[in-house]
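The values are calculated or read from the model by the stated rules, or taken from the named source; none is laboratory data. This structure is a prediction, so every number in the text was calculated from the model and none was measured. We work out accessible area using only protein heavy atoms, side chains counted, and drop any ligands, DNA or RNA first. Shrake-Rupley method; radii C 1.70, N 1.55, O 1.52, S 1.80 Å.
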Amino acid sequence: MSSETAAPTSVSTHILDTSVGRPAEGVALTLAVRSGGGAAWTAHGAGKTDADGRCKDLPALPEGTTHVRIEFQTEAYFISNQHSVSHQQAEEQQDAPALRDSGAFFPEVAITFAVKPGEHYHVPLLLNPFGYSVYRGS
């Protein structure tokens, strides 16, 4: 049997703003990990989405990690993009209300998922001002 080191467990993510059909650039996010369902969360990384809505440089997960939480800071993104031309066009096309209540019904989105050693987890977030969806990508 080989004594090679097992591949690290890793996470990547991206965000698509479905209200305008474009990547969500500049969304801050944090990564936390824990070992076991009752264990405390430990901060493990942070980043921002790039122009393609991706955050590819999150650190590999520590050995023994069983759960991961990615927390997306969506409020700042929606507030900074609230008056953009593309959002206004999307609202006009959808006969949406001219004014939003706060710019972000979900000021943050926290996604928690279980992981197994040695696998890669790509977790895309489909986001709009009043809803979101998440799935395990490839």
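Ranking Phe130, Phe72 from most to least accessible surface, computed with a 1.4 Å probe over the protein chains only, gives Phe130, Phe72. Heavy-atom accessible area, probed at 1.4 angstrom with all protein chains present, ranks His67, His122 as His67, His122, highest first.
Keeping all protein chains in position, work out how much accessible area Thr65 exposes to a 1.4 Å probe, and write it in Å² to the nearest 10. The accessible area of Thr65 comes to roughly 20 Å².
Over the range 1-76, the reciprocal of the mean inverse Cα-Cα separation, the Kirkwood hydrodynamic radius, stands at 13.8 Å.
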